[in-house]
Amino acid sequence: MKTRLGARSVAFLCLAAVAAAIFVRLGVWQLDRLAQRRRRNALIVERLRDPPIALAAMPRDTAAAHFRRVVIDGRYDYTHELSLTNRSRDGSPGVHVITPLRVDGTDTAYLIDRGWVYSPDGTTIDRTRWREGDRVSGVARVQELPPALPQAATRAGYPGDARWLSPDAIGRWAGYPVAPVLLALDGDTSTTSTSVPARSPPQPLDEGPHLNYAIQWFAFATIAVVGTLVAVFRPPARTVPLAPPAPVVPGGARDTPGGGR
């Protein structure tokens, strides 16, 4: 038996098909993001396993340099040190102490993330308390810079604290070129020290929420298709006719079989 669909049902089916296609596309996109995340994690693990290289041997291509370990040796420029503000850790507010490193034989400085320091307001610290000597020699990881925004340089260039890092703006403020990378110093990541910032731990290698999001989008697509088909092609409910009321005979008694006195 053929079922003829009305214009409203056809429109409903088309709308459900479009919605399901969008949901499936979003699910595939999340799976692609998951694959990218897994490739990125594998790259981080591979580069962190490699032995540290000399700072001068670091690739000029920042994408090729990210996540590698490098040997640093130079002197800190505390005059142009700044705080990367509003950086929480384990639920506590704080800042990251960013100190330019001047390297002998070159005029280019490198931004060193010396670690995290607790700050009640997420902005203010006494940076002189956290100085570690004029010269440094150790190992650091090449990190990705936080996105540079126009408001990165506030008030008079970089007054000592900023929400975002811009090597170009820091270089104009300091008066020398600054490499477009951030080097996170290796060391003790605990927050118990009262004189040395807690070093930044390596980037977590979790896969993020992409798989869960993909499952949700595919579930929405299934609901859109199945729910619409059920709503459109469900057979109409049968109506059972009601029995007519029994006739009333004179005297108030109903005329029912065997209902006489």
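List of remarks:
- Count of residues meeting criterion [of a type outside the set (D, E, K, R) and either assigned to a loop (DSSP other than H, G, I, E, B) or modelled with pLDDT under 90 (or both)] in segment 182-198: 10
- Filtering segment 26-42 to residues that are surrounded by 13 or more Cβ atoms within 10 Å (Cβ to Cβ) and either closer than 17 Å to Gln143 by Cα or in contact with a helix residue (DSSP H, G or I) (Cβ under 6 Å, 6 or more places away or on another chain) (or both) leaves Leu26, Gly27, Gln30, Leu31, Arg33, Leu34, Arg37, Arg40, Asn41.
- Only one of the listed residues (Leu31, Leu15, Leu48) is assigned to a helix (DSSP H, G or I) and more than 27 Å from the chain's Cα centre (by Cα). That residue is Leu15.
- Inside segment 57-84, residues that are assigned to a strand (DSSP E or B) and surrounded by 14 or more Cβ atoms within 10 Å (Cβ to Cβ) make up a count of 10.
- The residues of segment 96-116 that are among the aliphatic types (A, V, I, L, M) and closer than 15 Å to Arg131 by Cβ, listed by number, are Val97, Ile98, Leu101, Ile112.
The values are calculated or read from the model by the stated rules, or taken from the named source; none is laboratory data. None of these values were measured; they are calculated from a predicted model. So basically every Cβ, Gly included, is an ideal-geometry build from the backbone, and we count neighbours across all protein chains shown.
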